[in-house]
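J.: Got a structure for you, questions after.
Bear in mind these aren't lab numbers, they're just calculated from the coordinates by the rules spelled out. Note that this is a predicted model, so its numbers are computed, not measured. Heads up, the Cβs are rebuilt from the backbone with ideal geometry, glycines too, and the neighbour counts pull from every protein chain shown.
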Amino acid sequence: MKLFADSILKDRVAFVTGGGTGITGGVARALAEAGANVALASRSMEHLDSAAKAINGMREMSALCGEAFAVAADVRKPEEVEKAIAATTERFGKIDIVVNGAAGNFLCKPEELSPNGFGTVVDIDLKGTFNVCRAAFDQLKQHRGQILNISATLHYLGTPMQLHVSAAKAGVDALTRNLAVEWGRYGIRVNAIAPGPIGDTEGMKRLVPEPIKEKLKQKIPLGRFGLIEDIENAAVFLCSGAANYVNGAVLVVDGGHWLAANRLI
Ligand code: HXC
Ligand code: NAP
């Protein structure tokens with residue numbers, strides 16, 4: 001079913017980290033379907049090339065679809081991020097949407113987590129998000145653009161074996177709110193989406209062992225895991241003119257999961 005008007009992101013250019021796979025791969029595809037040109041950035045060209053090929057294949061079927069461009073960058077390395085931003089600007093002429101989806105995760109008890117294990121996740125999720133926002137600032141300021149960070153709900157409660165990611169994503173929420181205040185004056189909107197458990201994703205595979213999946217599903221008030229499409233739709237909304245006055249929001253898209261997660265009945 002078509003939810004948005006055709007071409008609502010026409011003439012926009014999005015730089016999407018983690019855009020080669022999973023949830024943010026879906027977001028990149030949805031932004032392109034809505035008319036934006038998209039640069040997909042992450043470490044693996046294999047991930048990026050196949051995602052870009054799929055989007056460019058859609059473009060061959062419909063001229064309303066934007067074009068995709070793959071550019072390798074590790075978000076932990078500011079110089080690689082700067083080069084990727086420059087390459088995107090050269091390719092598409094500007095950047096006016098940034099989506100920060102790059103992330104790393106694994107299950108680990110706090111007492112078994114090494115300093116480098118903790119630091120690696122903070123470096124990717126939180127410092128990586130900062131590196132990209134910082135590198136894209138001139139473009140975003142020039143074009144009154146927007147930032148969309150992909151957060152989580154893990155840190156709303158004490159999620160076992162997720163200290164590192166909870167700390168990183170709490171930082172992402174703080175960064176979202178601070179930048180919304182500081183960069184709002186330039187017309188830059190900064191928002192986040194906090195997905196709940198989304199089926200068929202790397203995150204779910206890593207975090208939710210098969211035997212407890214059904215139990216988890218039963219705790220979700222809407223009675224199902226999220227679909228990547230649920231996050232795509234929230235992302236298109238937040239990046240579009242329909243959200244022109246939304247700034248500093250962390251939009252929870254989790255079927256009501258975190259509100260219900262701590263309840264016994
Ligand atoms: C304990 C671990 C570990 C594990 C890695 N480390 N895996 N510690 N348990 N399972 C430690 C290592 O021992 C090392 O510390 C440090 O982390 C860095 O490990 P590397 O393998 O060198 O890191 P790197 O190659 O940079 O890879 C980063 C990564 C990896 C995060 C560890 O898993 C990755 O690339 N992930 C990307 C994809 C991903 O995770 N997607 C899921 C996103 S879902 P030492 O001390 O030994 O040097 C998500 C939220 C989902 O983010 C929420 C769902 C509800
Ligand atoms: P995913 O497919 O593994 O996405 C993570 C992406 O980050 C990959 O494309 C990976 O690409 C990229 N990446 C990792 N390290 C990077 C680095 N150092 N530099 C650049 N890119 C890097 O996992 P997902 O489950 O779809 O998660 C996507 C986003 O949603 C993440 O922000 C995650 O925290 C969030 N989230 C997911 C869930 C869920 O249920 N799955 C729930 C809440 C929040 P490369 O390997 O090519 O680098």
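J.: What is the number of the single condition among (1) more than 11 Å from ligand 1 (Cβ to nearest atom); (2) out of contact with any His (no Cβ under 9 Å at 6 or more places or on another chain) that Asp96 does not meet?
T.: Failed condition: (2).
J.: Hey, among the residues in the stretch 185-202 that are surrounded by fewer than 19 Cβ atoms within 10 Å (Cβ to Cβ) and in contact (Cβ under 8 Å) with a residue 12 or more places away in the chain, which one's nearest to ligand 2 (Cβ to nearest atom)?
T.: Among residues in the stretch 185-202 that are surrounded by fewer than 19 Cβ atoms within 10 Å (Cβ to Cβ) and in contact (Cβ under 8 Å) with a residue 12 or more places away in the chain, the one nearest to ligand 2 (Cβ to nearest atom) is Glu202.
J.: Test of understanding: among Val246, Val236, which residue is buried (at least 17 other Cβ atoms within 10 Å of the Cβ) and either within 15 Å of ligand 2 (Cβ to nearest atom) or within 30 Å of Leu140 (Cβ to Cβ) (or both)?
T.: So the residue among Val246, Val236 that is buried (at least 17 other Cβ atoms within 10 Å of the Cβ) and either within 15 Å of ligand 2 (Cβ to nearest atom) or within 30 Å of Leu140 (Cβ to Cβ) (or both) is Val236.
J.: Run down Arg263, Arg189, Arg185 and say which single residue is over 17 Å from the mean Cα position of the chain (by Cα) and closer than 24 Å to Arg134 by Cβ.
T.: The unique qualifying residue is Arg185.
J.: Just to be sure I understand, how many residues within the stretch 114-150 are in a helix (DSSP H, G or I), away from ligand 2 (no atom under 15 Å from the Cβ) and crowded, with 24+ Cβ neighbours inside 10 Å?
T.: Counting residues in the stretch 114-150 that are in a helix (DSSP H, G or I), away from ligand 2 (no atom under 15 Å from the Cβ) and crowded, with 24+ Cβ neighbours inside 10 Å gives 1.
J.: Of everything in the stretch 195-221, what is within 8 Å of ligand 1 (Cβ to nearest atom), in contact with a Gly (Cβ under 7 Å, 6 or more places away or on another chain), part of a loop (DSSP other than H, G, I, E, B) and under 18 Å from Ala260 (Cα atoms)? Give them in sequence order.
T.: Hits for the stretch 195-221 are Gly196, Pro197.
J.: To continue, here is another question. Can you tell me which residues in the stretch 75-113 are of a type in the set (Asp, Glu), within 14 Å of ligand 2 (Cβ to nearest atom) and touching a residue at least 40 places away in the same chain (Cβ under 8 Å)?
T.: Glu82 - this is the single residue of the stretch 75-113 that is of a type in the set (Asp, Glu), within 14 Å of ligand 2 (Cβ to nearest atom) and touching a residue at least 40 places away in the same chain (Cβ under 8 Å).
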